Amino acid sequence: MGRRPRQLMIAETRTKLIEAARAAFGTVGYAETSMDDLTASAGLTRGALYHHFGDKKGLLAAVIAEIDAEMNERLNAVSARAADPWTGFRDECAAYVEMALEPEIQRIVLRDGPAVLGDPWTWPTQSACISSMTDSLGKLRDAGVILPIDPEAAARLIAGATLHAAQWIAHAADGRAASEKAIAAFDALLEGLLVRP
């Protein structure tokens, strides 16, 4: 039997470590996760973790990047189902806020992520989110759906509102009630962008 290609082995090791970390961070949290237990559950050594991610913090960043990519896929699907681009944009924003009710997203992305990695505005995933939202808002503005405002400025304001709403929900005693209030208020804010006939 031939040896597996090096790139495949690297990818498999990274995948095992991310899967083990995601399970641990999602259940016991980042602070309580033991690196020895995590690597043992993946059938790997601490050396593999340090080689691929630098440290526990680097592994958390990789886990968040994976969750974020999955969230983006889900949000794109929400937007694609909408009857028109404005509804798609609004539904995508509301879906992001509602994702804050999911335990894994709450704990890893909205609680531990900022506590360990710092301000989410500095994360690479935020830059991609702002860019995508700017593009969507630019198209809506050019089509005359929303007011003639700067799309990047609007994207940054909307992204800030959704991120803070999501963090509020993740830390609220009653996340469901907070989510309902946040979406109702957010809808009212977005309505202000629309061009009135």
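Only the coordinates and a few stated rules stand behind these numbers; no lab work does. Small disclaimer: the values here were computed from a predicted structure and weren't measured. Ideal geometry is used to build each Cβ from the backbone, glycine not excepted, and the neighbour counts take in all protein chains shown.
Note on A65 and A177: the extension gain reaches 37.5 nm, defined as 0.36 nm multiplied by sequence separation minus the Cα-Cα distance.
Put simply, the C-alpha atoms of region 51-111 give a gyration tensor, and the ellipsoid matching it has half-axes of 29, 13, 7 Å, longest first.
When you count the other C-beta atoms within 10 angstrom of each residue and take the mean per peptide, 89-100, 24-35 line up highest first as 89-100, 24-35. Which one is right for this structure if Rg/Rh (Cα atoms, Kirkwood Rh) is calculated from it: (i) 1.05; (ii) 0.97; (iii) 1.03? Calculated Rg/Rh (Cα atoms, Kirkwood Rh): the matching label is (i).
Cβ neighbours within 10 Å, averaged per peptide: list 148-161, 54-67 in order, most packed at the top. Could the numbers behind the result be given before it?
Numbers: 148-161: 15.6, 54-67: 18.4.
Descending packing order for the listed peptides: 54-67, 148-161.
Ordering A82, V97, A188 by the projection of their Cα atoms onto the charge dipole of region 67-197, which places +1 on the Cβ of Lys and Arg and -1 on the Cβ of Asp and Glu, puts A188 at the extreme positive end.
The local environment of L137, defined by Cβ-Cβ distances under 10 Å, has a net charge of -2 under the rule Lys, Arg +1 and Asp, Glu -1. Quick one: Debye curve from the C-alpha atoms of region 1-100, no solvent, what's log10 I(q)/I(0) at q = 0.20 Å⁻¹? These q points yield log10 I(q)/I(0) values of -0.92.
Between K57 and L8, residue separation times 0.36 nm minus the direct Cα-Cα distance comes to 15.2 nm. For the chain, averaging the sequence separation of C-alpha pairs within contact (under 8 Å, six or more residues apart) and dividing by the residue count gives a relative contact order of 19 percent.
Computed over the chain, the per-residue total of -39500 (n - 2.57) for DSSP H runs of n ≥ 4 gives a 222 nm mean residue ellipticity of -23500 deg cm²/dmol, rounded to 500.
Mean projection of the alpha-carbon convex hull of region 135-184 over all orientations, in nm²?
Details: hull surface 15.3 nm².
Hull-based average projected area comes out at 3.8 nm².
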